[in-house]
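Report on the structure given below.
What follows is calculated from the coordinates using simple rules that are stated; it is not laboratory data. What you see is a predicted model, and the numbers here were worked out from it, not measured in a lab. Cβ atoms come from the backbone with ideal geometry, glycine included; neighbour counts cover every protein chain shown.
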Amino acid sequence: MEDKLRNARPDQVLDLRGESCPEPQIEIVKKLNSMNQGEVLEVITDEEPMDVTIPAICKGRGYPCVSVREGTTFRIKILKAK
């Protein structure tokens with residue numbers, strides 16, 4: 001599942017580079033709430049704590065996610081599973 005999600009083309013992209021907590025978490029939840037089941041959201045962030053907090057949000061909601069670090073940027077893909 002992880003490889004499939006890592007290679008999935010996102011349906012929506014949220015670029016949150018330069019944003020500080022807690023605003024990014026609020027934006028992610030809003031975006032996920034507006035998406036359909038089975039769609040993939042890609043979150044782009046340069047805020048290192050988000051690499052921990054986004055997966056925690058996803059786990060609590062039952063959404064699989066994968067994170068890839070590219071230098072100082074994180075690309076986190078989230079599958080809205082339910």
Worksheet item: Which one, (1) 12.5, 40; (2) 17.6, 61; (3) 11.4, 32, gives Rg and Dmax of the Cα atoms in Å as derived from the coordinates shown?
Response: (3)
Worksheet item: Toward the positive end of the charge dipole of the chain, about the Cα centre and with charges on Cβ (Lys, Arg +1; Asp, Glu -1), which of Thr72, Asn36, Ala8 goes farthest?
Response: Asn36
Practice prompt. Grab the Cα-Cα distance for Ala56 and Asn7, subtract it from 0.36 nm times how many residues apart they are, and report the gain in nm with one decimal.
Written response: 15.5 nm
Worksheet entry | Candidates Thr45, Thr53, Thr72: whichever shows maximal mean-square fluctuation once the chain is modelled as a Gaussian network with Cα springs under 10 Å | Thr72
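To the nearest 20 debye, what charge dipole does the chain have about its Cα centre, counting +1 at the Cβ of each Lys and Arg and -1 at the Cβ of each Asp and Glu?
On the way: 13 positive and 14 negative charges, 92 e Å.
It comes to approximately 440 debye.
What net charge do the residues around Leu14 carry, taking every other residue with its C-beta under 12 Å from that of Leu14, with Lys and Arg at +1 and Asp and Glu at -1? Don't skip to the end; give the middle numbers.
Values: positive: Arg17, Lys30, Lys31, Arg75, Lys77; negative: Asp11, Asp15, Glu19, Glu23, Glu27, Glu42.
Residues near Leu14 contribute -1 overall.
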Worksheet entry | Orphan Cys of the chain, criterion: no other Cys C-beta under 4.7 Å | Cys21
